[in-house]
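The values are calculated or read from the model by the stated rules, or taken from the named source; none is laboratory data. This structure is a prediction, so every number in the text was calculated from the model and none was measured. Cβ: placed from backbone, ideal geometry, glycine included. Neighbour counts: every protein chain shown. With ligands, DNA and RNA removed, areas are computed over all heavy atoms of the protein, side chains included. Shrake-Rupley method; radii C 1.70, N 1.55, O 1.52, S 1.80 Å.
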Amino acid sequence: MALGGMFRNAAAIYLHLVGPFRGKKSGASLARCLHQTLVMTKQLQARRLDGIDHNPWVEFVKLASEADVVNLGQGFPDFPPPDFAVEAFQHAVSGDFMLNQYTKAFGYPPLTKILASFFGKLLGQDIDPLKNVLVTVGAYGALFTAFQALVDEGDEVIIIEPFFDCYEPMTLMAGGRPVFVSLKPSPNQDGELDSSGNWQLDPTELASKFTSRTKALILNTPNNPLGKVFSRSELELVASLCQQHDVVCITDEVYQWLVYDGCQHVSIASLPGMWERTLTIGSAGKTFSATGWKVGWVLGPDGLLKHLRTVHQNSVFHCPTQAQAAVAQSFEREQLHFGQPSSYLVQLPQAIQRCRDHMIQSLQSVGLRPVIPQGSYFLITDISEFKSKMPNLPGAADEPYDRRFVKWMIKTKGLMAIPVSIFCSVPHQKLFDHYIRFCFMKVKDRPGGGKTSPSLPRPPAGVGRGVGPICVGAG
């Protein structure tokens, strides 16, 4: 009886599912019917993802991968980290087998200790490795953790544009409201190349962005994509406003070692009264040319950092032990050589400045006008002449010109850059759509071959002096 009843129930279920399709010419299979029956009707996407699902990086990287192009768009080196860092990683992998296991959730103790010692001297603070340091999955992870920990529904976050493009969606995901203030170029003498140092904030405009709802200001120095290094006087203005309005400063300083032409990087946390309200974010990937290791950190007062630890322990919880061990050993080495000619942090900017200068000359040779960066991996270049001579490139009518230009350059010239408008708020994209960004953190001759010398686009009639290949490197 029980067995017969079970078969009758099974038959009834079958008829319920497929009965409506019997005798019809729909061709629907049982599998399709079952799928249609089980599809969820509830909205799956959380509201915090509204409006941030499109990522222009995905689009441009996909375009570049579909063609044989030289990628001068994405910000990563195409040369190895220094030997001592590679050896430290190899030792971490093949040495102590316990490095294959979990370490402390908030950072591998030798790493938090050396970060506290190394940056304590630079910031003029007695940094406690347990209370003032948090190791994260790259600087990106540090930023996300900071926004989630501190930004609440309706809080305003001041973002200086052009800005690293994750700042806006991270603010929105946390429920905050981005408030934008633009750097603007100062006039320069005819014939002279512009410098990122000439791009300034208007003090009155900046002050007007602070309200009773302002929770944080995000600062990026050296700036990506512009390469601007904020001067001490500019930082003092920001610091004064943050203190006056009781605002947290989240400072992204991943390129702090890559400054050129004698520029000095100043950490805003080192200014009077700012340590107590500043989160300073750094990156081993940018420091030791190992972006795939994804080791970052946040330094700050315990009163702020304890909230980041809460997010961290309830999300990633822990970062890969072996990579942390390699970074710890690399910093220990650098601390011994700090400021000396043997220091990688002295050698790297000297070498990369030569790469920068070579790219500037190459861009000038084809009629482009680069903005000379004071720091970072990047420079932007003015394509106004192309825009005036070639205004009707393919693309949507409302698509900023720099995006259409980059797509054209990828398809016809085998060269990838990044449009600067993606680093700007929507209302201001048209103000920046005559700039594109190049990464000069590349070598001239890649070991083992490979395409490294694309031809830059030919300038329109009357622009530039002709075309030659661009070889990215020290020359």
* Would you work out which of GLN243, ALA85, LEU258 lies farthest towards the positive end of the dipole of the range 83-335? Charges go on Cβ: Lys and Arg +1, Asp and Glu -1. => ALA85
* Evaluate E = 1/(1 + (r/R0)^6) for GLN264 and LYS306, where r is the Cβ-Cβ distance and R0 equals 30 Å; express this FRET efficiency to the nearest 0.05. => 0.40
* To do: Along Cα→Cβ, 7 Å out, is where each label goes; now give me the distance between the ones at MET40 and GLU87 in nm to one decimal.
  => 5.2 nm
* Structure fact -> Projected convex hull area of the range 83-335, Cα atoms, direction-averaged, in nm², equals 14.0 nm²
* Using a probe of 1.4 angstrom, how much of the accessible area of the chain is carbon and sulfur, in percent? -> 54 percent
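Percent relative contact order of the chain, based on C-alpha pairs within less than 8 angstrom and at least six residues apart? Can you show the working numbers first?
On the way: 859 pairs, mean separation 97.5, N = 475.
Once normalised by length, the contact order is 21 percent.
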* the range 71-220, relative contact order [Cα under 8 Å, separation at least 6], % -> 18 percent
* Structure fact -> Under 5 Å from the placed amide H of LEU415, counting only residues 5+ away or on other chains, we find VAL70, ILE410
* Structure fact -> Between the modelled labels at PHE76 and MET98 (7 Å from Cα along Cα→Cβ) the distance in nm is 3.3 nm
* To do: Take the Cα radius of gyration of the range 284-354 and divide it by 2.2 N^0.38 Å, with N its residue count; two decimals is plenty.
  => 1.36
* Which value, in debye to the nearest 20, gives the size of the charge dipole of the chain about its Cα centre, when Lys and Arg are +1 and Asp and Glu are -1 at the Cβ? -> 1920 debye
* Angle between the chain longest axis and helix 321-337 axis [Cα atoms, degrees, rounded to 10] -> 0 degrees
* Asked: Using a 1.4 Å probe, what is the accessible area per residue for the range 246-309, in Å²?
  -> 28 Å²
* Per DSSP H run of n ≥ 4, the term is -39500 (n - 2.57); total these for the chain, divide by its residue number, and report the mean residue ellipticity at 222 nm rounded to 500 deg cm²/dmol. => -11500 deg cm²/dmol
* Asked: Expressed as an acute angle from 0 to 90° and rounded to the nearest 10, what is the orientation of the C-alpha long axis of helix 56-65 relative to the principal long axis of the chain?
  -> 90 degrees
* Tilt of helix 2-18 relative to the longest C-alpha principal axis of the chain, in degrees (0 to 90, nearest 10)? -> 60 degrees
* To do: Mind checking which of ALA290, LEU305, THR280 is farthest towards the positive end of the range 223-324's charge dipole, using Cβ charges of +1 (Lys, Arg) and -1 (Asp, Glu) about the Cα centre?
  => ALA290
* Stick to the Cα atoms of the chain, pair each with every other, and give me the Kirkwood hydrodynamic radius in Å at one decimal. => 24.8 Å
* To do: Would you please give the FRET efficiency between LEU63 and ASP126, computed as 1/(1 + (r/R0)^6) with r the Cβ-Cβ distance and R0 = 51 Å, to the nearest 0.05?
  => 0.55
* Kirkwood Rh (inverse of mean 1/r, distinct Cα pairs), the range 286-445, angstrom -> 19.2 Å
* To do: Between the alpha-carbon centers of the range 402-443 and the range 217-272, tell me the distance in whole angstrom.
  => 25 Å
